[in-house]
Structures are given as structure tokens and as C-alpha cells.
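The structure appears right after this line, and notes come after that.
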Amino acid sequence: MPDDALYVYGIVKLGFDLDWREAGIEGKNVYTISECGFSALVHDCEEKPYMSEDPNKIKELIIAHNKILDRAINHFDGVIPLHFNTIIKKGGNSSQYNLKKWLNNNKERLEKTWDKIKGRGEYGIRIYYDKEKLIEEVSNSEEIKDIETNREGKGAGLSYLLQSKAKTKINEIGWDKVNGFKKKFYDDIKKVTANLKITPSRIFIDEEKDLLVNLSVLADNQQINKIKGFLEQKIGNGFSFQLAGPFAPYSFVENETA
């Protein structure tokens, strides 16, 4: 006899029930429950969320949740992810009835979302620039050289003011160039896929001294290969990058809650 509730990982476009035989959280067997052409990836559970006072245990549970979603991207040509601890309870009906009702009530929205993410995954792209090289180039610009030249022969006070002016100007020009680089990368990648977002970095600020921009993109294989090829052309020209994915497209779907 199944448990009282259903833990839902995500939604795929399948339309029939399948014993997927994938091991989910705590080794639970993952299968599908279908309605209106969509199938929810679920396992049987109790009517309570997965909790632990141990942060490492919670991390393990979330990793297990995301592994099911990552496998679903390839197996089902995409997945609409639901957040960790999405649980359908019985209430006055069975949990299966409530889940099917939710799929039916949200069919139109799920269709639009599926059209967007089908065959695509979310990729994280971190683009770096060579800060030392940039500062050196700016410092050797004519504008900065003119300020440095004006310092020659001046008194200590005026020389100090001109030195401070040079440093301020270097920062201004440097940030203008950084923002220009950021916009150029964004615009060029947007020509490949309109589904991209600038996302906050999750690395401590003192560890990201040369981070230019952190992007999330929704792309299929052809698109991500094109983006990767474009970025590889920039290597050795003051830029480098890291690319990770595909992952479940959390950044590009609505906050789905069953």
C-alpha cells in the first residue's frame, strides 16, 4: 500500500504512467503519474517534509532531488522542475487524485512552459577578465599619461592631488571598459538565445576579483556549442570562462508549486 502522500520532483511531457526505476531521495523508487498529456515524477512518501538538523543531510537530500531532474532532462527531453519538498497530501481525496487535478487545472500554463524548455537545459556561464592587464592598459592611455606628465615639477601637495586624480580616472575608465565588456558578451550571447539572465555570484567577493559576469542561459545542444565556440575565441585575449550544465531550468520557469 502506498504512503499517504506523493513527493513531486518535476513535470515532463509523457502522457502515460511509467515505472521509471530511478532511485530518488533516500533510494525511493521514482515513477510517473499522468494527466492531460503531462506526467509528474514522484515517489511515495509520508505527509511531512524532509527535515534534518544536520546541514549535510539536507544538502544530500537536495542533491538527490536535483539528480532526478538532471536525468529527466536527457530521458524525457526536458523537465519542468519543482522545488525541494514539494509534497502532495491527501486532504479529502487521495494524493494521486489531487496531483492529477493540479495537472489538469494547470495544463495551459504547463504547455507554454514546456514549449519554452523542451530540448533545452540551463547552463551557468562565468566570464572572467584579466584585471591586471586592464589596469595596465588604462594606466598607459594618453589621458592618464597627460595627468602623470602634469605632475612633473609640481609641489608635493599638487603632485599628490594629481596622483589621486590619476587613480580616480583609472578606476572610472576601468569600470567603463568592464561595463562595456559585460554588455558586449551579453548582447553576443543573446543573439544565440534570448533566454539568458545575469545572476548574482554565489562566491565571496574577495574570491571573485576578476569576475566579469555570471550568466544563466537556457539553450539546446546546438546553441550551447555555438556559445562555447564564441567564448573559446576570447581565451588568451584577456578573458576566460567556466561553463557548467545542463541543469534543470529553475531560472526560466515560473515558481511552480503543486
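FYI, it's all coordinate maths here, none of it is from the lab. Predicted model only: the values in this text are computed from it and were never measured.
With a ≥ b ≥ c taken as the square roots of the eigenvalues of the C-alpha gyration tensor of segment 5-117, please select rounded if a/c is under 1.5 and otherwise prolate if a/b is larger than b/c or oblate if it is not? Oblate. In sequence order, segment 221-230 has phi-based couplings of 4, 5, 5, 5, 5, 5, 5, 4, x, 4 Hz under the Karplus curve 6.51 cos²θ - 1.76 cosθ + 1.60, θ = phi - 60°, and Gly or Pro positions carry x.
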